[in-house]
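Following: one structure in structure tokens, then a few remarks.
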Amino acid sequence: MPDISKYATIEPGAKIADDVKIGPFTYIGPHVRIGNGCVIESNVTIVGRTELGDRNRVSPLAVIGVGEGKGAEEGEVVIGQANSIREHATIYGGPPGQPTRLGDDNLVMISCYIGGGATVGNHGILINNTLIGAGAVLEDYVHTSGFILISPGVRVGAYTFTLGYSEIDRDAPPYAMVQGTPYRVRGVNSEKLRRCGFADSSIKAIKQAFHELYNGSGDHANADVLDRLLASDDTDIHVQRLAQSVKNSQKIT
């Protein structure tokens, strides 16, 4: 049987795995599903059509599943496994058929905000007061600093690091370090790539590609360089991914 505090409120219809722990003064709505091994601490609110996979931990005063605008109880959230959602974090539910998604093994720190219909991939770290707009997409291994604003509908590429107090107002490429309001590309997130097992040759190729694409401006990519990278059969697979991402989403000069 779940270990549920007598001071918690669990609405009829909620589905809770047998080994879940739920602390006092927590509220679980009627359409919520909570998987095996989850720990829901005190004063948490989980409503809407929210699904939590296995081994998630939700800290006090977090709020998950509230709908934006009309139909608050209809907000949809799908959360994977082994995430840590810290104090005061808010994850809004997406509209029916467009759920807010949080993948596996993410750390969502204090007072972070994830807007309705946004998607956060796997292995991300969202530092305190990261604000992710509705419909935005963060790919795998994205790491933010504090007080970051990611505008609605924007995509942040995999392995990218956003430095503090930045506004990501347009799509950001993978593998990058970005900073500023509006942001500029400051370099390659080399240390993260090494820790994730990228070969030295690939990191070197990615650095060279960034140097040629942005030529020190850090603003928008050079169209001629981009076309050359896309056309070459010898381009490193990660550089190909970078070039295709830029082609798909960024303004080209």
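The values are calculated or read from the model by the stated rules, or taken from the named source; none is laboratory data. Note that this is a predicted model, so its numbers are computed, not measured. Here Cβ is always computed from backbone atoms with ideal geometry, including for glycine, and neighbour counts include all displayed protein chains. The area values use the complete protein model at the heavy-atom level, side chains included, leaving out ligands, DNA and RNA. Shrake-Rupley method; radii C 1.70, N 1.55, O 1.52, S 1.80 Å.
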* Structure fact -> For segment 103-134, the count of residues that are touching a Ser or Thr at 6+ places or on another chain (Cβ under 8 Å) and in a strand (DSSP E or B) equals 7
* Asked: Which pairs do you get when a residue that is farther than 9 Å from VAL32 by Cβ and among the aromatic types (Phe, Trp, Tyr), found in segment 1-18, comes within reach of a residue that is assigned to a loop (DSSP other than H, G, I, E, B) and open to solvent by 60 Å² or more (accessible area, probe 1.4 Å), reach meaning Cβ atoms under 7 angstrom, with the pair 6+ apart or on two chains?
  -> TYR7/PHE25
* **Inter-residue pairs, beta-carbon under 7 Å, first closer than 19 Å to ALA221 by Cβ and modelled with pLDDT of 95 or more and in segment 180-202, second of a type in the set (Gly, Ala, Ser) and open to solvent by 50 Å² or more (accessible area, probe 1.4 Å), 6+ apart** => none
* To do: Pull up segment 16-54, narrow it to residues that are farther than 19 Å from ARG101 by Cα and charged (D, E, K, R), then point me to the one that is least open to solvent (accessible area, probe 1.4 Å).
  => GLU41
* Only one residue in TYR183, TYR159 is crowded, with 19+ Cβ neighbours inside 10 Å, more than 14 Å from TYR214 (Cβ to Cβ) and touching an Asp or Glu at 6+ places or on another chain (Cβ under 8 Å), so which one is that? -> TYR159
* Asked: Name the pairs whose Cβ atoms lie under 8 Å apart, with the first residue in segment 145-163 and of a type in the set (D, E, K, R), the second surrounded by fewer than 24 Cβ atoms within 10 Å (Cβ to Cβ), and 6 or more positions between them or separate chains?
  -> ARG155/ALA136; ARG155/VAL137; ARG155/GLU139; ARG155/ASP171; ARG155/SER249
* If you check GLY75, GLY69, which single one turns out to be at pLDDT below 95, over 27 Å from ALA221 (Cβ atoms) and open to solvent by 40 Å² or more (accessible area, probe 1.4 Å)? -> GLY69
* **Boolean, GLY93 is free of Cβ contacts under 8 Å to residues at least 24 places away in the same chain and either over 12 Å from the mean Cα position of the chain (by Cα) or part of a loop (DSSP other than H, G, I, E, B) (or both)** => no
* With respect to the numbered conditions (1) outside any loop (DSSP other than H, G, I, E, B); (2) under 16 Å from SER145 (Cα atoms), which one is the sole condition not fulfilled by SER202? -> (2)
* To do: Working only within segment 20-66, note down all residues that are among the charged types (D, E, K, R) and outside any strand (DSSP E or B).
  => GLU41, ASP54, ARG55
